[in-house]
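Note sheet for the following structure.
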Amino acid sequence: MAITDWPASERPREKLLECGPKALSDAELLAIFLRTGVKGKSAVDLARELLSDFGGLRPLLTANQADFCQPLGLGSAKFAQLQAVLEMARRHLAQGLQRGDALSSPQDTERYLQSQLRDKEHEVFACLFLDNQNRVIRYRELFHGTIDAAAVYPREVVKVALAEGAAAVILAHNHPSGIAEPSSADRAITERLQQALGLMDIRVLDHLVVGDGYSVSFAQRGWL
């Protein structure tokens, strides 16, 4: 039976408009994105099959073009649409961290850094540079490493911080394994960076380790 023949309360689009997006399942949300199914399958049926094949919504959303376009009914146009949606979501999160805006919410900052780093295949070390009023100057990714390590050079971090005119920084890096628990090496490099930046009167406000859907804050742990 086609979705158009379903009761209105069960159609994903009508259900979203009536109850809001949180009321929909992953398959129903994906069906709205897909718009149409394939021969013998409604959009919801196709969505359920895709979620099963990929192992969930996030693996589907982060799949590369070749893997995404392999299943029946998906092509480069759908992949391009999906990438546009994901980029809009990232830019939406970044709106709260515009240049010149003061940081007002640790949660917004954490969500933004998660959106930038959590899906990286390799370890990336980044800094959010702030002025003396904790207003955002710039977000920059400084070091890219292998899948389990990144070489971080305090001298280079200090150099960039001075060039940006930063009075404070928030450090961040991802763990591609998905486990955000900081390692002894993470704590050691944080201490080195804090010492090096401190010599230039640049404060380290936090260091966030980003994992799969969550992060660990050095500041919350009392390590800074």
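The values are calculated or read from the model by the stated rules, or taken from the named source; none is laboratory data. Owing to the predicted nature of the structure, the values given are computational and were not obtained by experimental measurement. For neighbour counting, all protein chains shown are included, and Cβ atoms are generated from backbone atoms with ideal geometry for every residue, glycine included. The area values use the complete protein model at the heavy-atom level, side chains included, leaving out ligands, DNA and RNA. Shrake-Rupley method; radii C 1.70, N 1.55, O 1.52, S 1.80 Å.
One residue is enough: does the stretch 42-51 have a residue meeting the conditions within 23 Å of S76 (Cβ to Cβ), among the charged types (D, E, K, R), over 27 Å from the mean Cα position of the chain (by Cα) and in a helix (DSSP H, G or I)? The answer is yes; a qualifying residue exists.
Counting the residues of the stretch 45-74 that are without any contact (Cβ under 8 Å) to a residue 24 or more places away in the chain, open to solvent by less than 70 Å² (accessible area, probe 1.4 Å) and within 14 Å of I32 (Cα to Cα) gives 2. The residue that is surrounded by the most Cβ atoms within 10 Å (Cβ to Cβ), counting only those in the stretch 168-185 that are over 20 Å from the mean Cα position of the chain (by Cα) and modelled with pLDDT under 95, is S183. Restricting attention to the stretch 129-149, does a residue exist that is part of a helix (DSSP H, G or I) and hydrophobic (A, V, I, L, M, F, W, C)? No: zero hits. Every condition in (1) loosely packed, with under 14 Cβ neighbours inside 10 Å; (2) in contact with a Ser or Thr (Cβ under 7 Å, 6 or more places away or on another chain) holds for D119 except the one numbered (1).
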